[in-house]
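Here's the structure, in structure tokens; my notes come after.
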Amino acid sequence: MIVLGIETSCDETACGIVQDGKVLANVLRTQEVHETFGGVVPEIASREHLRLLPGIVRGALEEAQIGLDKVDAIAFTRGPGLAGPLLVGSAFARTLGLEAGIPVYGTNHLEGHLAAVRLAHPVEPPFVCLTVSGGHTELALVEPGPRFTLLGETRDDAAGEAFDKCGKLLGLGYPAGPIVSKRAPNGDRKAFDLPRAMPGDNLDFSFSGLKTAVLRLSKELGPEAVQARMDDICASLEEAIVDALCRKVVLALEKTAMPGVAVCGGVSANPRLRQKLSELGERRGFWTAFPTAALSTDNGAMIAAACAWRLETGNTACMGLDVEPGLPLQTPPDA
Ligand code: KG4
Ligand code: ZN
């Protein structure tokens, strides 16, 4: 089965094509126009998706060396994400499907991130999933179906948001996650004692205190010292976020008695998170699985893969064509 996936939930215009767990094409364009605003402007993102989509989809078909007539299903991201950008992707996919006589399926972006892990490792439920992106930080139980039950989530900022907001305070570019993770290995992870929030037995996260702590630290140090010690600050910031994530993963595995964890979303590209969690897994006897670095952040192949997963299991009840900006990972009881 060949599935073409269209992703437009935020600022990546993307199209991927997968066939039986293999990526035939993965074409995307990150909309650089938002950089000057320090964040994504939804109206501009919608217009850019509309402008870029035809070329991106054509490029993916060329990369896969197939015509649209070989595509069995078209998937688009129906949520969660920004309403305008989602609507552009939905309208584009539905028009393409109507024109070519191909069935179209609205796909959950968060299931897409997990499906990206399955493109790298053939993990089968049940297991625990940690989704860490710019908008989400969630722990879920994944059961055959696939069915998702939320175990815990952030009470304020997402992990990627924490990287990005702290990075912005420090004068780093956007998104700051990759910049912080590039500088961190040059710094001392113990240089500054930043808070690890949400102690205790629950599976929720909180990262907003980190922002306040970084703001206070940068005021105490002053602009020159901040520049001079940027690597140490990045290392300490990354360690605080990674520590908090690792602790809750271990707790979730203990509580659910699951054999392993799949980690996905943009922050799963973080090398320190991969290293620490893998070491913990080796010590404590659980498996860890990550997407390839290229498929960690938003892309179209993951949307195609998530759609294919549901088509394989015949479980498509929750794949409506309407967009839902707040779509949760939790599988509804009737699906
Ligand atoms: O999944 P994604 O591409 O988009 C959303 O669905 O949000 O995730 C983007 C987030 C951004 O916050 C970015 O800073 C973060 O992932 N990110 C990273 C790294 N690469 C991307 N955070 C930490 N370390 C990285 N290497
Ligand atoms: Zn995402």
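The values are calculated or read from the model by the stated rules, or taken from the named source; none is laboratory data. Note that this is a predicted model, so its numbers are computed, not measured. A quick note on method: Cβ atoms are made from the backbone with ideal geometry, for glycine too, and the neighbour counts reach across all protein chains shown.
Reported count of residues in the range 264-296, each being modelled with pLDDT of 95 or more, assigned to a helix (DSSP H, G or I) and of a type outside the set (Lys, Arg), is 13.
Would you please name the residue that is nearest to ligand 1 (Cβ to nearest atom), looking only at residues in the range 173-215 that are among the polar types (S, T, N, Q) and in a loop (DSSP other than H, G, I, E, B)?
We begin by selecting, within the range 173-215, every residue among the polar types (S, T, N, Q); these are 181, 186, 202, 206, 208, 212.
Among the residues that remain, those that are also in a loop (DSSP other than H, G, I, E, B) are: 202, 206.
Values: Asn202: 23, Ser206: 17 Å.
Once the filter is applied, the top-ranked residue is Ser206.
The set of residues from the range 297-329 being in contact with a Leu (Cβ under 7 Å, 6 or more places away or on another chain), surrounded by 18 or more Cβ atoms within 10 Å (Cβ to Cβ) and modelled with pLDDT of 95 or more comprises Asn299, Gly300, Ala301, Met302, Ala304, Ala305, Val323.
From Glu111, Glu99, grab the single residue that is crowded, with 22+ Cβ neighbours inside 10 Å and of a type in the set (D, E, K, R). Result of the check over Glu111, Glu99: Glu111.
One line per residue, one yes/no per condition, for (1) away from ligand 1 (no atom under 16 Å from the Cβ); (2) at pLDDT 95 or above; (3) not in a helix (DSSP H, G or I):
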| position | (1), (2), (3) |
| --- | --- |
| Leu217 | yes, yes, no |
| Glu224 | yes, yes, no |
| Ala235 | no, yes, no |
| Glu239 | no, yes, no |
| Asp243 | no, yes, no |
| Val250 | yes, yes, no |
| Leu253 | yes, yes, no |
| Ala262 | no, yes, yes |
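Contact map, the range 121-143: residues that are under 14 Å from Lys255 (Cα atoms) paired with residues that are among the β-branched types (Val, Ile, Thr) and within 16 Å of ligand 2 (Cβ to nearest atom), Cβ distance under 9 Å, separation 6+ or inter-chain. Pairs shown: Cys129/Val117; Cys129/Val263; Leu139/Thr131; Ala140/Thr131.
Within the range 24-34, track down each residue that is in contact with a helix residue (DSSP H, G or I) (Cβ under 9 Å, 6 or more places away or on another chain) and within 15 Å of Asp298 (Cβ to Cβ).
Taking the range 24-34 first, the residues in contact with a helix residue (DSSP H, G or I) (Cβ under 9 Å, 6 or more places away or on another chain) are 24-29, 31, 33-34.
Those that are in contact with a helix residue (DSSP H, G or I) (Cβ under 9 Å, 6 or more places away or on another chain) and within 15 Å of Asp298 (Cβ to Cβ): Asn26, Val27, Leu28, Arg29, Gln31, His34.
The set of residues from the range 132-152 being assigned to a strand (DSSP E or B) and within 14 Å of ligand 1 (Cβ to nearest atom) comprises Val132, Thr137, Glu138. Taking into account only those residues within the range 24-55 that are among the β-branched types (Val, Ile, Thr) and under 22 Å from Glu111 (Cα atoms), which is farthest from ligand 1 (Cβ to nearest atom)? The extreme case among them is Val27. Residue count for the range 1-17 under the criterion of being among the β-branched types (Val, Ile, Thr) and within 17 Å of Asp69 (Cβ to Cβ): the result is 3.
Yes/no per residue for (1) of a type in the set (S, T, N, Q); (2) in contact (Cβ under 8 Å) with a residue 60 or more places away in the chain:
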| site | (1), (2) |
| --- | --- |
| Glu239 | no, no |
| Val242 | no, no |
| Ala252 | no, yes |
| Pro259 | no, yes |
| Gly265 | no, yes |
| Asn270 | yes, yes |
| Arg274 | no, no |
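Looking only at the range 181-201, which residues are crowded, with 18+ Cβ neighbours inside 10 Å, farther than 18 Å from Val226 by Cβ and modelled with pLDDT of 95 or more? Across the range 181-201, the qualifying residue is only Ser181.
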